[in-house]
Amino acid sequence: MDFSKETILIVDDSRFQRTVIKELFSEHFNLLEASSGGECMRIIQENTSEIDLVLLDLVMPGIDGFEVLRRRQSMQEFLDIPVIVLTTSDSHTIQANAYELGANDFLTKPIDENTAL
């Protein structure tokens with residue numbers, strides 16, 4: 001891991017989406033991956049001090065992004081890490097719910113390299 005770069009945890013159940021995000025960000029950031037909300041929570045607990053940002057998909061089977069945001073509220077170490085939510089929806093209700101749960105910002109999928117960096 002290049003300690004001169006910040007680390008992003010990509011949380012998305014789609015391998016394709018994670019690959020696209022990795023291609024966009026790998027030059028500028030260290031990247032960790034989680035394919036589920038549960039895996040995200042485990043990685044956060046094990047690597048809190050190394051993670052600078054979480055890119056979090058909202059729609060995943062099992063523990064979804066909303067539940068990750070709920071659980072984050074009781075984890076001080078996770079509260080200190082900004083979370084940008086990934087979504088295919090431009091629904092104001094979904095965005096409002098995620099903001100209420102502590103999301104810091106949104107990126108709409110598919111991610112556009114010009115707006116993401």
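The values are calculated or read from the model by the stated rules, or taken from the named source; none is laboratory data. Note that the coordinates shown come from a computational prediction; the quantities given were computed from them, not determined experimentally. In this analysis, Cβ positions are derived from the backbone assuming ideal geometry, glycine residues included, and neighbour counts consider all displayed protein chains.
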Out of contact with any His (no Cβ under 8 Å at 6 or more places or on another chain), at pLDDT 95 or above and either under 18 Å from residue 102 (Cα atoms) or buried (at least 18 other Cβ atoms within 10 Å of the Cβ) (or both), is that true of residue 54? yes
Is there any pair linking a residue in the range 16-31 that is of a type in the set (A, V, I, L, M) to one that is modelled with pLDDT of 90 or more and part of a helix (DSSP H, G or I), with Cβ under 9 Å and at least six apart or on different chains, and which? 31/18; 31/21; 31/22; 31/25
Among residues belonging to the range 69-85 that are in contact with a Gly (Cβ under 8 Å, 6 or more places away or on another chain) and hydrophobic (A, V, I, L, M, F, W, C), point out the one that is farthest from residue 42 (Cα to Cα). 85
For the range 103-116, indicate whether the set of residues that are free of Cβ contacts under 8 Å to residues at least 40 places away in the same chain, surrounded by 13 or more Cβ atoms within 10 Å (Cβ to Cβ) and assigned to a helix (DSSP H, G or I) is non-empty. no
Within the range 81-117, the count of residues that are modelled with pLDDT of 95 or more and over 18 Å from residue 11 (Cβ atoms) comes to 1
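For the range 59-79, name all the residues that are exposed (fewer than 13 other Cβ atoms within 10 Å of the Cβ), touching a residue at least 12 places away in the same chain (Cβ under 8 Å) and outside any helix (DSSP H, G or I).
Hits for the range 59-79 are 61, 62, 73.
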Given (1) within 14 Å of residue 7 (Cα to Cα); (2) crowded, with 16+ Cβ neighbours inside 10 Å, identify the lone condition not met by residue 28. (2)
By residue number, the members of the range 3-48 that are charged (D, E, K, R) and in contact with an Asp or Glu (Cβ under 6 Å, 6 or more places away or on another chain) are 6, 12, 18
Name the single residue that is farthest from residue 111 (Cα to Cα) among those in the range 5-58 being in a helix (DSSP H, G or I) and among the small types (Gly, Ala, Ser). 49
Among 2, 12, 52, which is the only one that is of a type in the set (Asp, Glu) and under 18 Å from residue 94 (Cα atoms)? 12
